[in-house]
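The values are calculated or read from the model by the stated rules, or taken from the named source; none is laboratory data. Everything quoted here is computed from the prediction, not taken from an experiment. Neighbour counts run over all protein chains shown; Cβ positions are idealised from the backbone, glycine included. For accessibility, only protein heavy atoms count, side chains too; no ligands or nucleic acids. Shrake-Rupley method; radii C 1.70, N 1.55, O 1.52, S 1.80 Å.
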Amino acid sequence: MKAPEETVPADLPRTAGQLRAAGHTPRGVKDEIADNLLAALREGRDPWPGIVGFGDTVVPQLERALLARHDVALLGERGQGKTRLLRTLAGLLDEWAPAIEGSELAEHPLDPITPAAVRRAAELGDELPVRWLHRSERYAEKLATPDTSVGDLIGDVDPVKVAEGRTLGDPETIHFGLVPRAHRGIVALNELPDLAERIQVALLNVMEERDIQVRGYTLRLPLDVLLVATANPEDYTNRGRIITPLKDRFGAEVRTHYPHELDAEIDLVRQESELVAEVGDPLVEVLARFVRALREATVIDQRSGVSARFAVAAAETVAAAALRRGALTGEEPAVARPVDLESVPEVLRGKLEFEPGEEGRELEQLVHLLRVAVAETARGRFAGLDLTPLADAVTEGSPVETGERVRGGELLAALPELPVLHQAAERCGVGPGDPPARIAAAVELALESLYLGRKVAKDVRGPGDGGAARTVYGP
């Protein structure tokens, strides 16, 4: 995104002469990133805002690669945060960088590289006009697809310039592609192996010799770019879809992974999800445990992975279910309850790849794993808490109904006043002064825990059984 002109500090030099007088000297982009990274580390600042679960694994490897001035390939399954990690690299660039006003490749005023810019700098001297680029303008990203052309990445002959009278051998007839236009910046190529082999070949000289080869002639340009890429490890081999010479050009290959710790998974869901209703910590924990169980399940094709986006989408789906219930019942605030988890398997099963032989059993497998996640979460939340009084109340004449048209207050009104209700709520981070909707979410988790522990029964009736879908906990 281009920074608005009015945000450029007014005291920055506006000509090459002023820039030289200020003592500014050109610096390579890899040196710039390394210097800023070292400064952040020495000052105790986090160079990777928003990156969760990589602090002791991926981040140190990436930092070493950047300090070594290497081009980097991030290898990992889908949904492991590779693209997000690449986008944070722009934060390591200087906030403002000088460039020749009107230059096609954002060349440094004191170090032009194209024939046109060199000629212009010679003609204007110290009066060469300077513009300032925000760091966000120096990051270019491209999703590699099979139809990507050499012209897209490297460049091609511009027929308009030829029509103006220039000859085909004139380097100024070239319309530069993404990589040269990112001169003095970062180029990120997502899913690199998806590029056709002839396009991968076109990148070889750019990465090593910094040549631009277009339509049979070579333009020698000392391009200054950091090239970073993402790929699936399975494709990033000479048996996959990456040519060995290109693979060899990357100085570092860094493996990403899904969060190792449950807390990191929870933090990731909280950070990335846009929730339209309140989803309490216990339910987010359930979803985090659920997605981790999916990554270990033999019924899931683990070669395709279980994206972190699955847990995020699940949390957003649960919040949407709570918001819908709030609209139907008039309850405010809209707070998610365990009954809202039932929408997750049905809505999101299409985001998963199952192993052959599981056809027809997908929903059954997801429901089972989700119940396991609920049981594990409840076990941790209510450890040492005796829920027997609640079980006795439900089995001895106080059945509890929940569902898409049941308010939290109605759920609580079906039960006698019991100390264990407040104790269960407290274990879920809910205080006695909180709205009934929040207390009901905690009590419903306790009821579901009793059902999964076979202490109470549960009768689930779908919308086809007369009226709205509802669930009744009872004897």
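Within the chain, what percent of beta bridges assigned by DSSP are antiparallel, to the nearest 5? Please report the intermediate quantities before stating the final value.
Numbers: 24 of 43 bridges.
Beta bridges within the chain, antiparallel portion: roughly 55 percent.
Please report the carbon-and-sulfur percent of the accessible area for segment 1-106; probe 1.4 Å, protein heavy atoms only, DNA, RNA and ligands left out.
Working: 2560 of 5130 Å².
Carbon-and-sulfur percentage of accessible area, whole number: 50.
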Of every hundred units of 1.4 Å-probe accessible area on segment 179-323, the number belonging to carbon and sulfur atoms, as a percent, is 44 percent
For the chain, the convex hull over Cα atoms projects on average to an area in nm² of 29.6 nm²
Per residue convex hull volume, Cα only, segment 28-182, in Å³ is 143 Å³
Probe radius 1.4 Å, ligands and nucleic acids left out: which of His257, His108 has the largest accessible area, and how do the rest follow?
His257, His108
If you keep only loop residues by DSSP, which GluC sites (Glu not before Pro) in segment 395-424 have at most 14 other Cβ atoms within 10 Å of their Cβ?
Glu396, Glu417
Given a 1.4 Å probe and the protein chains all in place, what does the accessible area of Thr15 round to, in Å² to the nearest 10?
30 Å²
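I need the Kirkwood Rh of segment 223-337: take the reciprocal of the average 1/r across all distinct C-alpha pairs and report it in angstrom. Walk me through the intermediate numbers first.
On the way: mean 1/r = 0.0588 Å⁻¹.
17.0 Å is the Kirkwood radius here.
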Can you sort Trp96, Trp48 by 1.4 Å-probe accessible area, starting with the largest?
Trp96, Trp48
Qualifying aspartates and glutamates (Cα of each under 13 Å from Cα of Lys458; at least 8 residues distant if same chain)
Glu401, Glu444, Glu448
Given a 1.4 Å probe, the accessible area of the chain per residue, as a whole number of Å², is 46 Å²
Nearest 10 degrees is fine. How inclined is helix 197-208 to the longest principal axis of the chain, computing both from alpha carbons?
60 degrees
Within 10 Å, count the other beta carbons around each residue, average over each peptide in 333-339, 291-297, 36-42, and list them highest first.
333-339, 291-297, 36-42
